[in-house]
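Have a look at the structure below before the remarks.
Nothing in this text is a laboratory measurement; each read-out follows from the coordinates by a stated rule. It should be emphasised that the depicted structure is a prediction, and the values quoted were computed from it without experimental measurement. FYI the Cβ positions are ideal-geometry reconstructions off the backbone, even for glycines, and counts take in every protein chain you see.
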């Protein structure tokens, strides 16, 4: 943090920054700024608005929005890098403060709002290349990170405004004095009901951080897939076979980093195949189901290793959301291979529930693809047989009982009956639960898989 930055000067004034101080993804900050600005547009409470735009980028993207804000604000002040090509024509209540190129505020992205009944701000600065670590600056805009804070604390917002006014005085003393008088007028105006959005915005931030974690994971998985595909291309194989091999390697990577369930893909594919045979599925449907079983955890390829060590109840909200949404992440990855369209459909809907309360589309009953119903049931049954964190593994009877309790709500009752039949035969020693499917993965791609 530069000793001449707004954040550093604010910390020097107040001693301690709020608990919200931390590192945030760009999309989280965009949503926060929009939420704060929307309140201005909705309430017309005539605040003083001060913004410093990182190299002018934010304003250039949001120019129309800030014209609307100017109509709803008493005064708007914009600090920007002088060489950024910032538009000079503004409304009469919009004041521009061009900054010297070496002023650290040119690297900051700040928004400060002060009305009599509403105070809010975001102060942040992007991580440096060294802060990002070994990977360096992110290639994807969505992966950019900023350290800083957000708050609705009246005192803290006023202190931040004072720091900004001191900076403005370096460039335009009369303007700083004028804005100081505007702030005093606002403080002395009659008070209305105070707006406290801390609880609401806290929830928004947590949700967006979780969503962004999924997006970043997807981007990283795509990069991993591209690297694996590139390796296969060096062998001069057929492009379609190369893509499938890359996905199979990613599925194997998931199993390799899961110490509690290192054979999940093969076992789920094998048991799904067994149920499919008992259901008398056509040969093509069996092929699709087998491949969906091997790839069903593809969306966990870039999950941090420590998440695999935790039981379901031990994960935090972000980890649980990422784990629960892995079918949709896998489906997005598989969309790059149209030949696997039908397989992708199975994987995407493996967490639909028989009563319509599942995800992602809330499909109900027979509307859920049969292969997806099989995959969802088998994946849960197999998972329960393995320990996870502090949760011990279930025995066959316990895992079956767990599934039977959700028959008719989560699972297709007929499929639960078929699974029960398989387990009973296994308990009697007449059938051994399969651990590998009969098909050969490299030969599964062929005409009709996508249809």
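Annotations
- Diffusion coefficient, µm² s⁻¹, Stokes-Einstein with Kirkwood Rh over alpha-carbon pairs of the range 109-188 at 10 °C and 1.306 mPa s: 109
- Inter-part distance, the range 144-163 to the range 284-301, computed on C-alpha centroids, equals 48 Å.
- Between the range 378-437 and the range 1-25, the Cα center-to-center distance that results, in Å: 53
- Stokes-Einstein diffusion coefficient of the range 6-196, Kirkwood radius over Cα pairs, 10 °C, 1.306 mPa s, in µm²/s: 94
- Simple spin-label estimate for residue 278 and residue 414 in nanometres, 7 Å along Cα-Cβ: 1.4
- Whether the range 1-58 is rounded, prolate or oblate, judged on the alpha carbon gyration tensor where a/c under 1.5 counts as rounded: prolate
- Protection proxy ranking of 292-305, 96-109 - average other beta-carbon atoms within 10 Å, highest first: 292-305, 96-109
- By other beta-carbon atoms within 10 Å, ranking 274, 336 with the fewest at the front produces 336, 274.
- Projected label distance in nm at residue 162 and residue 19, using a 7 Å step from Cα toward the beta-carbon: 2.5
- For 144, 288, the sequence from fewest to most other C-beta atoms within 10 Å is 144, 288.
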